[in-house]
Every structure is written in structure tokens, then in C-alpha cells.
């Protein structure tokens, strides 16, 4: 498999965690987002959105992190990242989509660049934008964890799931943008438990070959 990503991308970070949990080795090809490599004609042939990640498996090209991870879970079923019955899996997906569909798009690089270049906002206002939407979104995650948590160190029990895979990169982004997590003890405890696992720790942006010095 060939994996196209960027060290700081939350979406690529999710996939790296999933690869590690599944024990899958990939051929990593960096796409430097700040240098605009995602806009090249060659890359857009892979992913017309001009976003990361993209995964090549033979003649198959997959995009969108949650779709890639669900495909991995179907083709490499152990350990299960969407365990349990239909209701449990729906709840795991819902929690994951709060992050991937509601929080993450508002902090995406292209959105922040638009705020600054097209709308004339400075870095401080762009950071305030991120703090608002990441903070609100993670507060909702904290409330969902209070309602759905059934014991165990992870979002939905004794083993990491897609929910944890989404939460950890989002906490990394929250820390980057100075979001106050003081009132989110469940989010912080789950993040700490995940970071103690090599699969999560080794996926951290600082440990990637394309990480900025």
C-alpha cells in the first residue's frame, strides 16, 4: 500500500494510528500541504479534492480517512475498530463524525488560509476561530462520553476504537491552538490512555519522517 499524507494532518494522523493498530506497513509518500503539493496535477489525479490522505492499494485509490479506516477494518478485521452490535457501532461512528465532520473541517488549513488571505483576519483571530469551534466540539465529545462511557480506559470500553482514533489527533490540534481542556476530564484521561499505547505514540506528528525540524 502507498499512503499519501502530511505529518500534521489530523486525517492522516488517524490513518497512521489505524495502520499501527492493525500492524500494517505502508509506503509513505509525503504531501507538503503548506508548500501546496496537494494542488499539483499529479496529486489531483489521485485525489481530485486536493486533500490528504490518499491510499493506493494496487489499482484502488481511496480517500477520506474514515472511509479508509472502515475499509481497513473490513479487509484486516483484527483488532476490530468498530466492535459490538449495530447500535454500538452507530454510536462509535457518531462520536467519530462529531470530530471528523463537525470540528475538523473548521480548522482545516484551506479554511484558515481563506480567513487570512480572503477575509483579512490576522493569526490571532484565526487562532480564536479554532479555539471556539474546537472547544465547542470537544465539549460535546465530553458530554457524549459522560453519557455513553461504559467503563474501561477508552471511549467505548476496554479497547481502542474508531472513536479514539479520531479523538487523539483532535486533542493534538486543540493543544496546538491553545484550547482549554480543563473542564474535559474524560477527554483528557482517554487521550492519556491512548498515548501510552505504541500504536498511538508512534503515529504522533513529531515522529513522522516529514515532520518540520
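Any read-out appearing in this document is the output of simple, stated calculations on the displayed coordinates, not a laboratory observation. Source: prediction; values computed, not measured. Cβ coordinates were reconstructed from backbone atoms using ideal geometry, including for glycine residues, and neighbour counts include every protein chain displayed.
So if we plug the beta-carbon distance of residue 159 and residue 29 into 1/(1 + (r/R0)^6) with R0 = 30 Å, what FRET efficiency do we get, rounded to 0.05?
0.50
From a point 7 Å beyond the Cα of residue 207 in the direction of its Cβ, which residues of the stretch 1-32 have a backbone N at a distance under 15 Å?
7-8, 13-26
Return a whole-number percent for the relative contact order of the chain, with Cα pairs under 8 Å and 6 or more residues apart as the contact set.
On the way: 252 pairs, mean separation 52.1, N = 213.
Reported relative contact order: 24 percent.
Calculate the length of the line joining the C-alpha centroid of the stretch 173-203 to that of the stretch 156-170, in whole Å.
One Cα centre to the other: 10 Å.
Evaluate the relative contact order of the stretch 2-79 (contact order divided by residue number), counting alpha-carbon pairs under 8 angstrom at least 6 apart; express in whole percent.
Dividing the mean separation by the residue count of the stretch 2-79 yields 36 percent.
Report the residues of the stretch 16-59 in range of a label on residue 113: point 7 Å along Cα→C-beta, backbone N strictly under 18 Å from it.
30-54
What's the FRET efficiency of residue 97 with residue 176 using the Cβ-Cβ distance as r and R₀ = 22 Å, to the nearest 0.05?
Once rounded, the FRET efficiency stands at 0.50.
Using alpha-carbon positions, what is the distance between the centroids of the stretch 88-146 and the stretch 1-37, in Å?
20 Å
Answer with a single label: of (1) 0.95; (2) 1.15; (3) 1.04, which was calculated as Rg/Rh (Cα atoms, Kirkwood Rh) from the structure in view?
The value computed from this structure is option (1).
Within the stretch 177-212, list the residues whose amide N lies under 18 Å from a label point set 7 Å along Cα→Cβ of residue 143.
180-188
So if each residue of separation counts as 0.36 nm, and I subtract the Cα-Cα distance between residue 45 and residue 188, what length gain in nm does that give?
Values: separation 143, 0.36 × 143 = 51.48 nm, distance 3.93 nm.
In short, 47.6 nm is gained.
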